[in-house]
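The values are calculated or read from the model by the stated rules, or taken from the named source; none is laboratory data. Please read all numbers here as calculations on a predicted model, not as lab measurements. Note: ideal-geometry Cβ built from the backbone for every residue, glycine included; neighbour counts use all protein chains shown. Keep in mind that these areas ignore ligands, DNA and RNA; they rest on the heavy atoms of the full protein, side chains included. Shrake-Rupley method; radii C 1.70, N 1.55, O 1.52, S 1.80 Å.
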Amino acid sequence: WTLGYDTIYGYQDIKDDEIIGVKSTSIKFKNNPKKFISLCYMFFFISLILVGFLMNFKVLYFLSLIITFFHLGLYQIKNLNISNPNTCLVKFKSNNLLGLIVFINLIIGKFT
């Protein structure tokens, strides 16, 4: 998850990073950013599902993961525009909310 949102963050100043020679995932995957970020988020989402199974969480936990899925897939990836630094910052900052959503998902899984 961190690798995905850090890559989004890197797109804000990718031109400067290229000039000074910084090595980053934003630069490495600038031709296919959505594929790379999708892969990172897919591993994260599969990890959440695996945690649910290993912890014997109830169905409500898995249903609540739908919110996480839509936030990652539709809000962050589908609408990502790497050429607009302001939208990259907004997507990056939305991970605060996503962290809260994941935390609530885990609470739901633990106590239901």
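Restricting to helices (runs of 4 or more DSSP H) lying wholly in the stretch 19-112: which have 2 or more residues that are open to solvent by 80 Å² or more (accessible area, probe 1.4 Å), over 15 Å from ILE8 (Cα atoms) and of a type outside the set (A, V, I, L, M)?
Values: elements: 25-28, 33-54, 59-70, 85-111.
Those helices (runs of 4 or more DSSP H) span 33-54, 59-70, 85-111.
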Neighbours by Cβ (under 7 Å, 6+ apart or cross-chain): first from the stretch 15-33, more than 22 Å from THR2 (Cβ to Cβ); second aliphatic (A, V, I, L, M) and part of a helix (DSSP H, G or I): GLU18/ILE27
Need pairs with beta-carbon distance below 6 Å; first residue farther than 16 Å from TYR41 by Cα and within the stretch 72-96, second outside any helix (DSSP H, G or I) and not hydroxyl-bearing (Ser, Thr, Tyr); sequence gap 6+ or separate chains. THR87/ASN81
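Quick one: which of THR87, THR112 is under 15 Å from the mean Cα position of the chain (by Cα) and among the polar types (S, T, N, Q)?
Only one candidate qualifies: THR87.
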